[in-house]
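Notes for the one structure printed next.
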Amino acid sequence: MTVKISAVKQAELETLKEISETTFKETFAKDNTPADLAIFLQQNYNLKQLQQELDNGDSFFYFIYQDAQLAGYLKLNIGEAQSEKSSSESLEIARIYILAAFKRQGLGHELMQFAEKVAKEKQKKEIWLGVWEYNPVAIAFYKKMGFVKKGEHVFTIGTDDQTDWVMTKYLN
């Protein structure tokens, strides 16, 4: 198995939109109403919104490929791009999404290691993320990767306010 991680290019905006929508639906459609899901996707994964995020110098997108097939992506934020007011010494893993066909093959682990590498290169002392409180598989994965629950915040999907755990990992 060959794994490659590469920065998302401006010319790949449509691909970013497609994988954003697909991975989010695969993961969360069963737990949300079609109406709320549609609102969320339109607000967060439209081309204009994704273009603004790609243009933000404090946000970084990476595609992950397995055997030359696009398998998922990672979005990292620093500074003002972070979704919560955070220390200048922190990096947020805003999105870590793997297509269903590629889950349970170690790609999430690869992306987490990559995020740590980026954080260290940017001289950050901690990594944090938000994870839905009713996603025990993801929570267990993050705990295994060294993250601990630090707090909670609201994550809105359409009209539904949901609770995310804020989990943090301190780097050496």
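Scanning region 137-153 for residues that are free of Cβ contacts under 8 Å to residues at least 40 places away in the same chain, outside any helix (DSSP H, G or I) and within 16 Å of the chain's Cα centre (by Cα) yields Met145, Phe147. Is one or more of the residues making up region 156-166 outside any strand (DSSP E or B) and on the phi < 0 side of the Ramachandran plot? Yes, there is a match, as at least one residue in region 156-166 is outside any strand (DSSP E or B) and on the phi < 0 side of the Ramachandran plot. Gly158 meets each of the listed conditions (1) of a type in the set (Gly, Ala, Ser); (2) surrounded by 14 or more Cβ atoms within 10 Å (Cβ to Cβ); (3) touching a strand residue (DSSP E or B) at 6+ places or on another chain (Cβ under 6 Å) apart from (3). Filter region 82-105 down to the residues that are of a type in the set (Gly, Ala, Ser) and modelled with pLDDT of 95 or more and list them by number. Answer for region 82-105, where residues must be of a type in the set (Gly, Ala, Ser) and modelled with pLDDT of 95 or more: Ser90, Ala94, Ala100, Ala101.
The values are calculated or read from the model by the stated rules, or taken from the named source; none is laboratory data. Given the structure is predicted, the values throughout are model-derived calculations rather than measurements. As a convention, Cβ positions derive from the backbone with ideal geometry for all residues, glycine included, and neighbour counts pool all protein chains shown.
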